[in-house]
């Protein structure tokens with residue numbers, strides 16, 4: 001996979017894996033809800049490890065889920081490592097070394113899906129789709145708690161404590177053969193500060209950082225989204241910044257706020273608008289707005305250039321986005 005390089009604020013060279021795709025098309029189509037597709041394939045994800053449980057028990061299913069999104073038009077596969085933490089695995093009796101293996105496996109499975117998709121295209125003489133990327137998911141501290149905290153923030157943890165929690169997992173995923181990290185669903189500024197500082201500890205590791213928002217202007221914690229974007233966008237390792245797992249109707253406003261403080265690519269991948277009931281471990285309510293081609297066109301016009309979906313967004317919906325943005 002060819003990577004462009006750009007000069008960072010610190011004078012060092014930082015890979016920009018999004019550059020070739022953006023140069024080719026001006027926009028990058030992301031995947032949708034990995035867990036959503038895994039459930040559609042018949043898997044029970046009510047476990048606290050969510051989709052990460054299948055890294056051990058059904059790795060082939062994860063490849064098939066990634067393939068479904070590539071076939072729909074996604075050009076980035078986001079790995080099944082969102083809820084893969086040392087603490088979470090330990091709670092299932094998985095020791096440290098095996099946890100490292102499973103985290104790295106999440107990247108290998110996405111890469112295997114990419115290879116199979118390219119082989120499918122070649123077998124039928126289809127055009128080269130251009131760069132296909134693997135983004136290693138780094139979920140928030142709240143995902144490990146598995147109590148819905150990523151939709152509230154305000155953990156009461158210091159920046160140093162959050163750095164200690166994320167450090168080794170981030171290093172493991174940064175050392176795996178992914179193209180970049182997807183640091184996602186971040187609900188509060190302190191956690192974003194911690195993760196940005198950790199990126200500085202692993203030179204040359206590109207990442208996008210996306211926040212989970214409560215409305216069109218604020219993080220789940222109630223803090224300013226625009227201020228949070230401004231804070232992380234200055235990091236030379238951050239190659240895109242934006243929002244995910246947020247109700248679709250807030251995205252246009254949030255893109256405008258982000259564009260007001262950074263020229264970096266804006267990433268958006270909202271959920272369906274349904275709410276997560278952490279106690280019952282299920283989604284509730286109805287989709288509050290469609291994630292479809294018309295929505296993708298609005299977000300693109302507002303300034304987003306990496307566009308996809310999060311929880312409860314299906315391959316069919318990603319196909320609509322891809323068709324609209326083609």
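Listed values, structure above:
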read-out: Members of the range 31-48 found to be in contact with a helix residue (DSSP H, G or I) (Cβ under 8 Å, 6 or more places away or on another chain), crowded, with 23+ Cβ neighbours inside 10 Å and assigned to a loop (DSSP other than H, G, I, E, B), listed by number; value: 31, 32
read-out: Residue satisfying condition, being more than 26 Å from residue 267 (Cα to Cα), in contact with a helix residue (DSSP H, G or I) (Cβ under 6 Å, 6 or more places away or on another chain) and modelled with pLDDT of 95 or more, within set 61, 119, 65, 110; value: 61
read-out: Test set (1) over 21 Å from residue 111 (Cβ atoms); (2) modelled with pLDDT of 90 or more - residue 37 fails condition number; value: (1)
read-out: Residue 252 closer than 29 Å to residue 16 by Cβ, touching a strand residue (DSSP E or B) at 6+ places or on another chain (Cβ under 7 Å), surrounded by fewer than 22 Cβ atoms within 10 Å (Cβ to Cβ) and modelled with pLDDT of 95 or more; value: no
read-out: Residues located in the range 211-227, provided they are buried (at least 24 other Cβ atoms within 10 Å of the Cβ) and not in a helix (DSSP H, G or I); value: 211, 212, 213, 219, 220
read-out: Every residue from the range 84-134 that is free of Cβ contacts under 8 Å to residues at least 12 places away in the same chain and in a loop (DSSP other than H, G, I, E, B); value: 93, 95, 124, 125, 126, 127, 128
read-out: Candidates 70, 86, filtered to the one that is closer than 25 Å to residue 239 by Cβ, at pLDDT 95 or above and either in contact with a strand residue (DSSP E or B) (Cβ under 8 Å, 6 or more places away or on another chain) or surrounded by fewer than 21 Cβ atoms within 10 Å (Cβ to Cβ) (or both); value: 70
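The values are calculated or read from the model by the stated rules, or taken from the named source; none is laboratory data. What you are looking at is a predicted structure, and each value in this text was computed from that prediction instead of being measured. Reconstructed Cβ throughout: ideal geometry from the backbone, glycine too, with neighbour counts over all protein chains shown.
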